[in-house]
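Only one structure is covered here, and it is reproduced in the block below.
Since every read-out is calculated from the coordinates, none of them should be taken as a lab result. Quick caveat, the model's predicted, so the values are computed rather than measured. Because the Cβ atoms are built from the backbone with ideal geometry, glycine has one as well, and the counts that use them run over all protein chains shown.
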Amino acid sequence: MSVLEIRDLHVTVETDAGTTPILNGLTLTIRTGETHAIMGPNGSGKSTLAYTIAGHPKYNVTSGSISLDGEDVLEMSVDERARAGLFLAMQYPVEIPGVTVTNFLRTAKTAIDGEAPSIRTWTKDVKASMKNLRMDPKFASRNVNEGFSGGEKKRHEILQLELLKPQIAVLDETDSGLDVDALKIVSEGVNRAKAETNLGVLLITHYTRILRYISPDFVHVMVNGRIVEEGGPELADRLEEEGYDRFLPAGEVESAEAPVGSEA
C-alpha cells in the first residue's frame, strides 16, 4: 500500500498584486485503493494543490509537507515524482509538436520503469487501451494532443494513466468539457486502472456528475485553501443541492487563484 500524506500545507503564488497565499494549512491523506473527491468554489485552491503535488515551479511551498510512503515529495524533481508513482491528469493538457503519441508513451514508460517495455507486449497493451477508450488507432501516430478535441485530450490522459500504472493519480477536473458519452468512457478508464492496480485517486471536480461513474470513498470540501468539511458520497449530493454558500462568510467574494491553465 502506498500513502500520500499532505500535512499543514501552505502555498503561495506570485501575481501582479504580489505574493498571494493560496493553500492555507491543508491536510489530507490518500491511500492506494481509495478514491477521494475534492470539491469547492472557484479560486479555492483545488488546482494549486494538484500542481503543487506534481511539482510545478510556479507554486511556492512556504510550510508544511508532502510525503509518499515516507519519502519527501517536495525534495523530488518532477520526473522523480513520476517515477515514485505520482500521476497528474491536467485540466488543460498541453500539445507537444513533433512527438508522436506512440513515442511519448513508450518514452514515459521506459523512464518510469527503468527499462523499455517489450515492443510486442507494449503494442498490444496500447491498442487494447485505445480500443477501450474508443480512440481511433490513427491517434497513435499523431503528435501529442496536437489538433485533439477537448474530449480526445482527456481520453489521452486516461490512456497514459492505464499504461503507466502509477500508485496515486491526481485528476484535475478531468470531467470538464466532456459530453455525456465521453464522460462515461473516461470514467470507465479510471475505474479499470483502479481495478487493475489498486490505484489511489484524488479527483478534483466542481460537479457531481462524474461521481455517478467514479464512486468516491471520501468527499472533501475545500474553501480558501483548506479542507472545511469531509464526508462520504452523500456530502457531494448535499453540495449539489445547496452549493457552497454555507461555507463562505456573508458577502464574501470568491478569491482569484491565478493557476496555470485552470480556473480553480
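From the phi of every residue in segment 211-223, what ³J(HN,Hα) in whole Hz does the Karplus formula 6.51 cos²θ - 1.76 cosθ + 1.60 yield, where θ is phi - 60° and glycine or proline is x?
Karplus-based 3J(HN,Hα) across segment 211-223 equals 6, 6, 10, 10, 7, x, 7, 9, 10, 10, 9, 10, 9 Hz.
Going by how many other Cβ atoms sit within 10 Å of their own, how do I214, I112 line up, fewest first? Let's see the in-between values first.
Numbers: I214 22, I112 18.
Starting with the residue having the fewest Cβ neighbours, the order is I112, I214.
Taking amide H positions as placed 1.01 Å from N in the peptide plane, with prolines and chain starts having none, which residues 5 or more places from L202, or on another chain, fall under 5 Å of its amide H?
When sequence neighbours closer than 5 places are left aside, the close amide H contacts are H36, A169, V170, L171.
Within a 10 angstrom radius of the beta carbon, how do L235, L26 rank from fewest other beta carbons to most? Please report the intermediate quantities before stating the final value.
Details: L235 18, L26 24.
Going from sparsest to densest Cβ surroundings: L235, L26.
Go ahead and run the numbers for FRET between E240 and N60, Cβ-Cβ distance against an R0 of 30 Å, rounding to 0.05.
Working: r = 34 Å, r/R0 = 1.13.
It comes to 0.30.
Would you calculate a helix-derived [θ] at 222 nm for the chain, using -39,500 (n - 2.57) for each DSSP H run of n ≥ 4 and dividing by the full residue count, to the nearest 500?
Details: 7 runs with 86 residues, N = 264.
It lands at -10000 deg cm²/dmol.
Do you know the relative contact order of the chain, to the nearest whole percent, from alpha carbon pairs under 8 angstrom that are 6+ apart?
Working: 497 pairs, mean separation 79.0, N = 264.
Here the relative contact order equals 30 percent.
Starting from the Cα-Cα distance between M1 and K165, subtract it from 0.36 nm times their residue separation and give me the gain in nm to one decimal.
The span from M1 to K165 would gain 57.6 nm if fully extended.
Which of M39, M135 has the fewest other C-beta atoms within 10 Å, and how do the rest follow up to the most? All intermediate terms of the calculation are to be shown ahead of the outcome.
Details: M39 26, M135 21.
Result, fewest neighbours first: M135, M39.
By how many nm would the segment from T19 to R83 lengthen if fully extended, with 0.36 nm per residue of separation less the alpha-carbon distance?
Details: separation 64, 0.36 × 64 = 23.04 nm, distance 3.14 nm.
That works out to 19.9 nm of additional length.
Report the full-extension gain for the segment V180 to N198: residue separation times 0.36 nm, less the Cα-Cα distance, to one decimal in nm. List each step's numbers first, then the result.
Details: separation 18, 0.36 × 18 = 6.48 nm, distance 2.60 nm.
Between V180 and N198, full extension yields 3.9 nm more.
Taking the chain as a Gaussian network, where each spring joins two C-alpha atoms under 10 Å apart, which residue of A82, A54, A111 fluctuates the most?
It is A111.
Set the Förster radius R0 to 45 Å, insert the Cβ-Cβ distance between N191 and E75 as r into 1/(1 + (r/R0)^6), and round the FRET efficiency to 0.05.
The calculated FRET efficiency here is 0.85.
HN-Hα J couplings of segment 164-177 from phi, Karplus 6.51/-1.76/1.60, θ = phi - 60°, integer Hz, Gly and Pro as x?
7, 6, x, 8, 10, 10, 9, 10, 8, 6, 4, 7, 5, x
Calculate how steeply helix 233-242 sits against the longest principal axis of the alpha-carbon atoms of the chain, using the helix alpha-carbon long axis, and give the answer as 0 to 90 degrees to the nearest 10.
For 233-242 against the chain, the angle is about 60 degrees.
Would you mind checking segment 77-102 for residues with the amide N under 18 Å from a putative spin-label position 7 Å along Cα→C-beta of A116?
Answer for this model: 99-102.
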